[in-house]
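Here is the structure we will look at, set down as structure tokens.
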Amino acid sequence: MRRTLGTETADNLFSDLPEPLRLGIADLGWKEPMPVQAQGIPLMRTGSDVIVQARTGSGKTGAFGIPIIAAIDTAQPVTQALVLAPTRELANQITGEITALGKHLGVRCLPIYGGVPYGAQNDGLREGAHVIVGTPGRILDHLGSGRMQLGQVRVVVFDEADELLSLGFWPDMKEIKSYLPNKRQSCLFSATMPEKVLSLSRSFLVEPKFLSLVEGHASPTEIEHGYYVTTAQEKEANLRRILELEDPESALIFCNTKDDVRFVTSYLQRHGFDADQISGDLTQAARERAMARIKAGELRILVATDVAARGIDISDLSHVIGYAAPENAEVYVHRTGRTGRAGKAGVALSLVSGLDIGNFRNITNVTGIAIQERKLPTEEMLLERIGERLEVKIEHETRHMSVRDREWKVDRLVPLIRKMASSEEGLKDLAAIAAMYLKEHRPETGVHEDTRGGASAPQPSAPREPEFLPREERGSGGGRPGGGRRRRGGRGGRR
């Protein structure tokens, strides 16, 4: 059973720690524990499995790093703690703090992540790293080759668990679990607590204790609610950015008028999204075809009015997006209730223009639903997320290649790429090739929740040769709403 802790104080928390560990804390300039440390450290030191909800920058690395250091037996040159992180930047940051904390105790902390040579990592593993911090893909590389052993691990931490799942690491984490001992302490840290994170906890944690330091926190629910404030003129462009950031497996977009349905569908198709529409203007046969496609996973985005969407029953709908603010609270509840069904995770997002913000806030008051305002994604944020997803995809595909295939399809091309990158013109050509490849092979994301409370995600497909030449454009619709053909590739919609 989970329990939420109160706001106990821990004025003497640091002073009760061993002196070498206190010296490490002093080296970091920490004079007193932050709230997540004051409550999280005593909880972790009980040995129980733990779920902690805390924002980035709240001091959570110290909350799990201090208990990890305190429990390390430096006389044993084996890995005793594993921290999984979604990005190499976070892995490096965590490694720096844990190294500083354990410096005076002789604790060795090793970062493991992709995109860098294996030499230093192999050396660190041979020397016997007490703590390993890294991304799941490269960790699995070392486990598969036998260079890394996790049989003596006592503590496993999932840091930024929501990000681990949104980047598509679920298959890797399930595989890592098979290398871990059954008897261990597992701790999960996350800024948000949607159902997909709880599904991760059910797979790895046993009767975890729950601690939240997020203002306005309520018990985790199946639906994550959020809204974006946008101008009316930029609404369609911001919808595109939100879809690119979220990369939903399946989404139902609500409009208030049939004209908006036609406009939004055509706009998304012109920008390469796999979208279709249902409205009163379509024949029943056309509506049924669109419904059958999204239910079968062949269509990712369906645009509809509230009236046309009546009777829609899609059990695996991951996102509901309100392109226009609902007229009243009842409509909002009806819209958002179409996702997060049968214990599955769901996300409900709304685009709210300046004139609608007052009405929308009234809706939140009437429904009592905590709807968090989100910042509109910038181009920099989108490119960073695309890069992160691409790294995960590359790790998946190269790890499942045979040595012969990797030598023939990847390694032999590296000298060519280096030669191209050595000149300004060659670098431009290389960038264009990479951009075309990304256009056709945008990595998929995410976790698909199942009714058993676990989580599953698409397994990496068999590697294929890069298609450097772009396919002809499909799905543009030629200015006719709903008229474009779907791209090849099932769920399609690669932007």
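The values are calculated or read from the model by the stated rules, or taken from the named source; none is laboratory data. All figures in this text were calculated on a predicted structure; none of them were measured in a lab. Positions of Cβ are backbone-derived with ideal geometry, glycine not excepted, and every protein chain shown enters the neighbour counts.
Key figures
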quantity	calculated
Evaluation of SER178 against (1) without any contact (Cβ under 8 Å) to a residue 24 or more places away in the chain; (2) touching a Pro at 6+ places or on another chain (Cβ under 8 Å); (3) of a type in the set (Gly, Ala, Ser) (one fails), failing number	(2)
Qualifying residue in the stretch 209-223 (condition: within 20 Å of ALA63 (Cβ to Cβ), modelled with pLDDT of 90 or more and assigned to a helix (DSSP H, G or I))	no
Yes/no for VAL52 being closer than 25 Å to SER166 by Cα and touching a residue at least 12 places away in the same chain (Cβ under 8 Å)	yes
Residue in the stretch 217-234 that is touching a residue at least 60 places away in the same chain (Cβ under 8 Å), touching a Leu at 6+ places or on another chain (Cβ under 7 Å), within 26 Å of GLU388 (Cβ to Cβ) and assigned by TED's automatic domain parsing to the domain that holds ILE68 present	no
Failed item in (1) at pLDDT 80 or above; (2) within 23 Å of the chain's Cα centre (by Cα); (3) among the hydroxyl-bearing types (Ser, Thr, Tyr), with THR364 passing the rest	(2)
Residue tally, condition aliphatic (A, V, I, L, M), in contact with a Phe, Trp or Tyr (Cβ under 9 Å, 6 or more places away or on another chain) and surrounded by fewer than 16 Cβ atoms within 10 Å (Cβ to Cβ), over the stretch 79-137	0
Selection status of VAL78, within 23 Å of PRO181 (Cβ to Cβ) and either in a loop (DSSP other than H, G, I, E, B) or at pLDDT 90 or above (or both)	yes
Hits in the stretch 153-176 (condition: within 14 Å of SER199 (Cα to Cα) and β-branched (Val, Ile, Thr))	none
Single unsatisfied condition, ARG293 versus (1) modelled with pLDDT of 75 or more; (2) out of contact with any strand residue (DSSP E or B) (no Cβ under 9 Å at 6 or more places or on another chain)	(2)
Residue that is nearest to ARG45 (Cα to Cα), among those in the stretch 138-165 that are surrounded by fewer than 24 Cβ atoms within 10 Å (Cβ to Cβ) and among the small types (Gly, Ala, Ser)	GLY151
Helices (runs of 4 or more DSSP H) fully within the stretch 106-204 counting 2 or more residues that are among the acidic types (Asp, Glu) and at pLDDT below 90	161-166
Hits in the stretch 81-105 (condition: assigned to a loop (DSSP other than H, G, I, E, B) and of a type in the set (Gly, Ala, Ser))	ALA85
Neighbours by Cβ (under 8 Å, 6+ apart or cross-chain): first from the stretch 407-432, outside any helix (DSSP H, G or I); second surrounded by 13 or more Cβ atoms within 10 Å (Cβ to Cβ)	VAL410/THR398; VAL410/MET401
The lone exception for GLY144 - which of (1) of a type outside the set (S, T, N, Q); (2) touching a strand residue (DSSP E or B) at 6+ places or on another chain (Cβ under 8 Å); (3) in contact (Cβ under 8 Å) with a residue 40 or more places away in the chain it fails	(2)
Residues of the stretch 24-45 that turn out to be in contact (Cβ under 8 Å) with a residue 40 or more places away in the chain and in a loop (DSSP other than H, G, I, E, B), as a count	1
Residue count, the stretch 342-356 (criterion: modelled with pLDDT of 85 or more and over 17 Å from the mean Cα position of the chain (by Cα))	4
Unique residue being modelled with pLDDT of 80 or more and in a loop (DSSP other than H, G, I, E, B) when the list is GLY311, GLY280, GLY272	GLY272
